[in-house]
Structure formats: structure tokens, C-alpha cells
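Working notes, structure below.
The values are calculated or read from the model by the stated rules, or taken from the named source; none is laboratory data. These numbers were taken from a predicted model, which means no experiment stands behind them. Every residue, glycine as well, gets a Cβ built from its backbone with ideal geometry; the counts of neighbours run over all protein chains shown. Calculation scope for accessible area: heavy atoms of the full protein, side chains included, ligands and nucleic acids excluded. Shrake-Rupley method; radii C 1.70, N 1.55, O 1.52, S 1.80 Å.
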Amino acid sequence: MDPALQIEALPVAVFATDAEGTVVSANRAAVDLVGEVPPHRRLVEVARLAGEHGRLLASGECPVDRSLADGRPVRGLVLSVGRRDGSRIAVHATTSLLRDAEGRLQGVVVMLSEIAEAREAEFDRERLASIVSSSNDAIISKTLQGTITSWNDAAERIFGYTAEDMIGTPVLRLIPPELQHEEDIILGKLARGERIEHFDTTRITRDGRRLAVSLTVSPLRNRAGEIIGASKIARDVTERKLAEMLQTRLFDELNHRVKNMLALIQSIAAAALRQPGDPAEFVAGLNGRLRALGIAHDLLVAGKMQGADLHALVRGQLGPEAAARAELAGPQTTVDPRVAIPLALALHELASNARRHGALSAPGGVVRVDWQAMACDGSALEIDWRETGGPRIAAVPGDRLGAQMMRRSIASIGGQLALDYRSEGLVARVELPLPRDEAQSAAAPVEAPGPGQPALRVLVVEDEALIAMDLQAQLAGAGFAVIGPAGTIEEAMQLIGAHTLDAALVDANVRGRPVGEIAAALTERGVPFAFATGYGRSALPASFQAAPILAKPFGPDEVLAMIGQLTSGEAGVAAGSG
């Protein structure tokens, strides 16, 4: 029988190559295994050969190349072949050398025969071991008693312990004491054959750090189907948890800022309505102040909410036409977000007054704005506003709304405002402590109650000047004696120590600082209080989560209703644990 026909009839895959290692022929079993054999290809490419742990062979590792290199046949080499359907099988590779009559090497014949089931299972186990070893997640196995039986490289990288450290020891070694009850729950579920998916918890590393991990735990069974242990995959999700916490804080901060801005707008409108004047003047004044807030907010967004450029803030409040007639001089200065909004409102009032009555109302009038650091460490700022060339302005009678807003806005950030109505024009000086050196604010004196003054005394703690002013007006108008308003924690603590109080409304965050100290002091003195805040309840001090909340923005009825609850005992005293 023709040898070629005999090879074609063989049930195993047979390939023949030339002396360069290029496949020149293949039998039917070979084509059935790998598909049609393209011309001018090497065996390692045609059969997609892989070695230990499923790693694809390089050209020099192919059995054909080895035989051609050393002139000797290969026997029983264990490889895997990529089949035409995309799967792989384990094979024995054997080569024979083809020589001519003079003994010159002409090529190689390769026979690939499928390995028996037991060897293929061993090959699968080796491949699985490779996957486990190369995984980025910690893969650990343990007995039903919680003893660790395997520990991969990622587990060593994540937890810091080597396999020698951990195999044979209790898995409780990784679990914080207060969470060790979780292991009993996990083992109980495994004993019932249940799988645990994406269980978020905390584990301890070798150096004592706590990691946020996501666990998937599956039961391990023997050949008889009995559960003999568990396989645990632990993924370090610390970064994800931190990102989630940051996102939550950002949402809370956004919610607070939006509600605070709405409350601020509400306060501006309420303050304007309390002033005499026609509706058109009210609308014009309100629109101007809202534009001032919008300009300041745009600058903060441009600065990624880290601060606003002072030069741009001044120019923005002057407006394009007025800015062309203004002289600005001062070093590059970024003001903190807590300073930017109140300062913008004060600058708006100065600019608005200059356009209507001051230097900018006359053709030759000029405004000069200078600023400079007042302390060598840059912890304080002085801004001088000087008008020349305009009509003479008398002092504002009765300290009108604009002047009130200026004073309140600057006072709310711990600053001072001085207005000097000179013959040549208005001079205003603003002195501001910057937030990186928050000096303690002196408590504003509170006059003793006069004849007929109500006995109910309400402390107001609020760092937004106009909201504080609105609260003060609402409470005073209803007959309460307002203590404060306090714009800093230090001022609030001083007022609490100096006065007998019947109730308090406390902003949940004062100048970026939590107010647990204020809440504890009020609780110690038995003073009922509510948090006036744009944040949700989760932002309250941990020991005062159950305290009443007056949600911003709020109306007069809500304010008075809350004070009524506090002073009647309906809301109770928000007790904290310290």
C-alpha cells in the first residue's frame, strides 16, 4: 500500500515539513483538527501550539524546530493544540526525521496524538493553577473549620503574608475582632452549599492596615459531591470605597451649596422687601445682587471650587463699562470660596453705589482699588476702594440696605469694613483674615433686655451674613431676643458661655468646620436646638444625628414653627454621647 495513503488513513494528526520547518503536507486527521493548512506556515502557527500553563510557544520551542536544530527526534512532548472550533486539547508530540540517500536532513514528520483523559485533566489543573497564580485578586481556599489550605501570589501582595505564613493557620487572622462573627455566618452558608456573591467587608493586612474588600466565596466539593471546604476570592476595593465616599461628600456639598445659595437669594429678597421703595427699584436691586452671586460662582467654578481670583472678582463686580474706568492694583491673590461670595456682595454694593451716586456717575470719575497682604505670612488682606472725580456723597442715612449688606457680608468672614464719605469721594477699607489663619472672632455684645423685652433668647449660629441677617430680622420681628448672630465656632462658644439661652439655631457647618463642639455645649446646658442646614442628616455630628433639622431654604413660618417646637419642649434637647 502506498505510504502516503497509509498516513492519510491514520486517526492521529500528521504533518510533514521541509528542511526550513514549513508545513508542506498534512493528513485528513490534521485538517480535521486544526482546519485547512495555509501554505508557507510553520507548525507552531498552523496548530497554535501551547506549552505549560497554556503559554503559546515561540518558534524556537516548536518540536519541529528542536529536531531541525539538533538533528534528533522528539518523543512524548506534552503540548496543547488549538482546534478549528476554538477549543484546545492536550496532545503528545512526536517527531521523525526525513533524510535523503546521502543522509542529508530533508524535513520532519510530526505526529500529534490526543492524551488520555487523566493526563488532560492534569493539564487542565495546571492551567487552572496558572490562572490562580496570575490573578490580580487574592484567591484563598480553606477547610470548613476556617483553616487556610492555599494562598496565591495576589493574596501575598494584598495582605502582605506569604503562603508559608498563612497555610495551616485560621482565616480569622485576617478578620478584625469586631467582624469575626462574619466567618461563622460564611461557614454556615457554605455548609448548606450556598455561594456568597460580592460581600463587602473589611480585612487586616500584615502591617495592621484595614482594607475594604469584596468577597466571593464558593463551596469546594470532592468527587462524591460532598462539601469539604471553600474557595474565597478577595478583591481590594479600598480605592472604590474611597471614591464612593468622595462622591457622597461631593453630592452632599453640592446639595448644601445649592440650598445655601437658595437661602441666600431668599434672604436678599426678604431684606430688600423690608426697605421702603417702589417695586421697580426692588426688582433692579435684586437682579443686580443675583448677578453678583452668579459672577462669583462662575469664578469659583473656573477655579474648580478651590477659590476665586481677586482681580477677576473686582472686575466682574464693576462690570465691563465701569472696569474700563477703574484702576486695579495688587498682587495675584486667590480668595477662598468661603470669602468669595460675601466679598463679591460687598464689592457689588460699592460698585452699584459708585455707578448711581458716586465717581462712576460722573464723566471724569475714577475708582481705584488696591489690595495687599497685611501680614508677612499672608494671613490677612487689606482692600482699599477710593473714588475721585464724582459728586460729593453724604453718609448714607439710616445705614441703608446696601451698607447693611456690606457690613454683614464682611463681618461674616471675620473682616472689618470702614466707610469714609470724603469731599473728593467715598473711601472704603476692607480688612480680611484669610481662612488659612482663622483668628478667633470676638463675640458681638448683646444688650441686656429692656423693659417689656421678651424673655425668650435665641442663639443664631450662621456664617452666611445675609442668611444670618434674615434670621435675625424674622426672629426679632416675632418678638424674640436674638443672641448673635455668631459667624464662627469661637464666637458661638463665647456667646453660649456668656448668656442664658432658651433655644438655638445652628448651621451644621461653620466656615468649613463641623459644629459638634457647639452642639455638645448646648446639650450640656440643656438648651434645645435645631440644625439649620442645606446638608442632609448624614452631615450632622455623629453624636447628634437625631437632632431636629430646619432645612434650607426656609421661610418665616418654618423658622417660627421650629422655635415654637424647641421652646415648648416638643422637639426636646438633642442629647449626644459626647
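Rounded to whole Å and ordered largest first, report the semi-axes of the equivalent ellipsoid of segment 10-52 derived from its Cα gyration tensor (root of 5λ).
Three semi-axes, in Å: 15, 14, 10.
Check each of the GluC sites (Glu not before Pro) in segment 177-247 and keep only those in coil by DSSP with at most 11 other C-beta atoms within 10 angstrom; list them in order.
Within segment 177-247, the qualifying GluC sites (Glu not before Pro) (loop, at most 11 other Cβ atoms within 10 Å) are Glu226.
Assuming 0.36 nm per residue, please report the length gained on full extension of the stretch Ala542 to Ala323 beyond their Cα-Cα distance.
My answer for the length gained is 74.0 nm.
From the phi angles alone, apply the Karplus equation (6.51, -1.76, 1.60; θ = phi - 60°) to segment 490-499 and give each ³J(HN,Hα) in whole Hz, x where the residue is Gly or Pro.
4, 5, 4, 4, 5, 5, 4, x, 9, 10
Tell me, what is the FRET efficiency for Arg72 and Val12 to the nearest 0.05, using R0 = 22 angstrom and their Cβ-Cβ distance as r?
So the FRET efficiency works out to roughly 0.55.
Quick check: from the Cα gyration tensor, does segment 42-120 come out rounded (a/c under 1.5), prolate or oblate?
prolate
Quick query: amide H of Gly390 versus all other amide H atoms, modeled in the peptide plane; which residues come in under 5 Å with a sequence gap of 5 or more or a different chain?
Under 5 Å from the amide H of Gly390: Val366.
Quick one: accessible surface of Asp165, probe radius 1.4 Å, all protein chains present, in square angstrom to the nearest 10.
Roughly 40 Å² of Asp165 is accessible to a 1.4 Å probe.
Stretched out fully, how many nm does the piece from Glu61 to Glu524 gain, at 0.36 nm a residue minus the Cα gap?
Gain on stretching Glu61 to Glu524: 158.6 nm.
Rounded, prolate or oblate, given the Cα gyration tensor of segment 316-365, with a/c below 1.5 counting as rounded?
Cα axes put segment 316-365 in the oblate bin.
Ranked from highest to lowest mean number of other Cβ atoms within 10 Å per residue, what is the order of the peptides 351-363, 287-299?
The most tightly packed comes first, giving 351-363, 287-299.
Report the full-extension gain for the segment Asp100 to Arg240: residue separation times 0.36 nm, less the Cα-Cα distance, to one decimal in nm.
Full-extension gain reported as 43.7 nm.
Between Glu431 and Arg157, how high is the FRET efficiency from 1/(1 + (r/R0)^6) when r is the Cβ-Cβ distance and R₀ = 51 Å? Nearest 0.05.
Computed FRET efficiency for Glu431 and Arg157 comes out at 0.40.
Taking a 1.4 Å probe, which of Thr238, Thr205 shows the most accessible area, and what order do the others take after it?
Thr238, Thr205
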